[in-house]
């Protein structure tokens, strides 16, 4: 069926069409006044909007495809295959945030570095590993905040020194406890380890500067009592007949000096500093670990079997949905379409421009071309 000058006409005989009720799907049906052929006009934009809405409803939930659409699973995958090309992005506004939490989640052989405020996600960056350069690539997207909460992962501290040198750092206290526990085990055998484990467990209940001072004094008293023990050495004979030494209680040393280092660097109790009293600074990265990373793992488990590129899209769709002003699936599809058209126009402009290069496609050989023959 054809539509000319706002008048719907029959594509068979060219005569006018008249309304003829509704289809089972609720769309308007039309009937030719001459040959009586019936038809209905489809709107591709409405169809694609419905498809991308179904795609988002399935992707961002743990429901199977059969509960999202009335069509078969195979039809659903075929109709929504184009949605995998939509890449949600969070626009960089340049806003200065008071607090930013950063962490990474490993997916396959890649890691997604995530930055968020206590309320919403502000950005992410894909990398092959956590390193100084990859963390800097994430941090350079935003102006330095007043305070950053992190777990002190690989390359994170050096990246913070270079990208945000004046930003205060609050280390996640749960990760501090986890590090100490990994060195002392859950049930330390030595009395020194048992007392240090109890001291570490008392970190999270601290809510005031006075309690933080008392805890720091307790850490200093512990070192005074066990300093000599931390210096003990064990001598080991090597295969080549030489003798080398190592600290007898190296795990205990590692646990203590990890705590001491954070206290000296003022990264343990940043949330209690007076110049940050107008903020409620987080002591842990729970907002990121529990509200983002764990939800992503749940979705990836529900949609297990995806190739990595589709897992990447799932992560990006979910992080975008947790941003401050998330776009609807319809708006994301429209934005992707406009971006595609802009790229096509730019490519066409480059191809049409006379840049002195041979034509990629031409009409044939020039009139002055002469064949050369060999005898």
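Data table
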quantity	calculated
Equivalent ellipsoid, the chain (semi-axes from 5 times Cα gyration tensor eigenvalues, Å)	61, 30, 21
Value of [θ]222 nm, deg cm²/dmol, for the chain, DSSP H segments ≥ 4, -39500 (n - 2.57) each, nearest 500	-12500 deg cm²/dmol
Residue order, fewest to most beta carbons within 10 Å, for 271, 120	120, 271
Highest-fluctuation residue, 91, 326, 118 considered, GNM on the chain with Cα pairs under 10 Å	91
Full-extension gain in nm, residue 210 to residue 49, via 0.36 nm per residue minus C-alpha separation	52.2 nm
Burial ordering of 318, 247, 235, fewest other beta-carbon atoms within 10 Å first	235, 247, 318
Gain in span if fully extended, residue 174 to residue 15, counting 0.36 nm per residue against the direct Cα distance	49.7 nm
Helix 250-264 axis, angle to the chain major axis (alpha carbon atoms, nearest 10°)	80 degrees
Cα-only Debye scattering, region 158-213: base-10 log of I(q)/I(0) at q = 0.19, 0.26 Å⁻¹	-0.79, -1.00
Rounded to 5, percent antiparallel among DSSP beta bridges of the chain	80 percent
Label-to-label distance, nm, for residues given as residue 31 and residue 251 (7 Å Cα→Cβ offset)	8.5 nm
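Each reported figure results from applying straightforward, stated rules to the coordinates on display, with no laboratory input. Remember, it's a predicted structure, so these values are computed and weren't measured experimentally. Cβ: placed from backbone, ideal geometry, glycine included. Neighbour counts: every protein chain shown.
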